[in-house]
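The structure under discussion appears below in the form of structure tokens.
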Amino acid sequence: MRATRALVLSAVLLSATLGGMSSRGADVRGGSGYRMIVNASNPVETVDRRFLTEAFFKKTTRWPNDLLIRPADQSTDSPARRAFSDDVLRRSVAAVKSYWQQMVFSGRGLPPPELDDDADVVKFVVRNPGAIGYVSPGANVAGAKPIGVR
Amino acid sequence: MTPSRRRLLPYSSVLVAALAFARPAAALDLGDPESAPALEVHAFVSQGYAKSTDNDYLLHSSKGSFEMSEAGLNFTSQLTERFRVGIQLFAYDLGTLGNYAARADWFYLDYRLKDWLGVRAGRTKLPFGLYSDVSDIDAARTPILLPQSIYPQTNRYFLLGVTGGSVYGYVNLGRAGALDYRAVGGAIPVNPAQIGAPPELSSIDIPYMAAGRFMWETPVSGLRLGVSLLVLKLNETGVLSTTPGPTNVSLNDVVYSAIGSVEYAWHDLLIAAEYGQARSVLHDDQPALFPQGATVDAGGYGLVAYRLTKWLQPSVYYSFFAANRNLGDQAANMTTNDENIQDDVAGTLRFDVNNFWIVKVEGHYMHGTAALGAVPTAAPNWGLFLIKTTAYF
């Protein structure tokens, strides 16, 4: 029994080490499968990956100017969502859905709205000053402001 | 129609009314500034089956049983940017527990002043360990039964929620990561009949309890470490059948408990391990029947889950539990050590049929019978098979 416990702990430590190396090595600037956009009035030009993760998990809820962050997701089948989840959240779409099920059914929070497509995300971002979303690289983002991810 | 079935009827009516009157979320989702706060409605329904090779575990499993049902329905509304209200109705049946009695699983008024400080009043889920606040929610995890050493189903009625207040927050620590904390205090109303208490027990009361969970989200993406602490007072009264006549008994416990937690979530991989101890200090007015003093239970587990495909996620865990580790002289009274321990090796396959429906199958190999209570004839080595399906939205 003790050997089994030691094995599990070793796996945790090994994976943590590998994860740390990968985290340091990753550069999601200009991620190939998605593009981040915010409302045109938002002064932000770039955000870091950790900020995005906290915003989309609603752990951080305010922009630096205290405006409410309003993240928008796309449907689970969206290629942009898969790319965003893998590159930024470092979890599969299914794992992210599981996280939100935990939040919803324990009364701890509500997920970002799941919008149908790029056009709906752009519309959402244009209408809400604190909004942030991701779209396909080739999407028409007229009225919204693309930002970088570092 | 049985009383339990009658209790379900109003519950169903609430569901129909909720679905009929819930505002379409899309109006708010697209940022209509004139729209009223949307009411979010979510629900789940589960049905399970359990069969054990020996021993009745949680339900009448030795003969096979379908007494494993759950239903939940919640409403949440973000009334202002910082103010949210919500309520979840929940009913379940697990052997002698629950019996479909619908109750408010949680309800709250929540005001989030800052990211690092929010306050909440009402009945909230108990933050204890990684998963206590989601242990009712089949869709939110891979195993059907979470490791019972840390998340015993028999405690679900009265150790999952507390009525009172809480503070919580998410503190950004810069390069050191972040601290996610939650602390609650209050009381827990308990109905002895709904927790499967023996008939000799006439009242159970938890007049106060306090608990806190502090999770450090480390700079390593997906790795978090935590500690949970809990203290509660438990008062019980009952009447025992003794010779020459019945004896009134009053028991007063103070329980201190702590859990250490590690979780690593990376893409489709989840690894979790927890270890906990509970120390109970008993005072009573019948020490000849219930020896006073302290006992310590301990347990822990290690779990690995990996999503192989969009629709298939296997998981395995090993869980161990040791009851009354510090019995001292009383240890001589134990008939066998098997009554004092329970090892559990479990494997699960979770099938996500679609975004709203899952099916799980699970097998356990058990050694020891500590979670069964005092059953002198219990088989020390036994197996348990479960299948469960859940629909949710």
| said: Quick check on the exposure proxy: order B:Asp284, A:Asp87 from fewest to most C-beta atoms within 10 angstrom. | reply: B:Asp284, A:Asp87
| Modelled label-to-label distance, B:Phe214 and B:Leu308, 7 Å Cα→beta-carbon offset: nm? | 4.2 nm
| remark: Computed on Cα atoms, the radius of gyration and Dmax of the stretch B:5-392 in angstrom are 22.0, 75
| message | Cross-link candidates for B:Lys233: which aspartates and glutamates have Cα within less than 19 Å, leaving aside residues fewer than 8 places away along the same chain? | response | B:Asp205, B:Asp253, B:Asp284, B:Asp285, B:Asp297
| Listing B:Asp56, A:Asp116 from the residue with the fewest other Cβ atoms within 10 Å to the one with the most, what is the order? | A:Asp116, B:Asp56
| request: Take peptide B:305-318, look around each residue's Cβ out to 10 angstrom, count Cβ atoms belonging to other protein chains, and average those counts. | output: 2
| Hey, got the Cα dimensions of the stretch B:123-191 along the principal axes, in Å, largest first? | 44, 30, 20
| task | Fewest Cβ neighbours within 10 Å first, please rank B:Ile87, B:Ile188 accordingly. | result | B:Ile87, B:Ile188
| Potential extension, B:Tyr365-B:Leu229 segment - 0.36 nm per residue separation minus Cα distance | 45.9 nm
| message | A 31 angstrom limit on the alpha carbon distance is what I want to check against. Which of B:Lys63/B:Lys125; A:Lys97/B:Lys63; A:Lys97/B:Lys125 exceed it? | response | B:Lys63/B:Lys125; A:Lys97/B:Lys63
| task | Mind checking A:83-95 for the average number of partner chain beta-carbons within 10 Å of each residue's beta-carbon? | result | 4
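Here, each number is a calculation from the coordinates, and none is a lab measurement. Just so it is clear, the structure is predicted and the values come from calculations on it, not from any experiment. With ideal geometry, Cβ positions are generated from the backbone for all residues, glycine too; neighbour counts draw on all protein chains shown.
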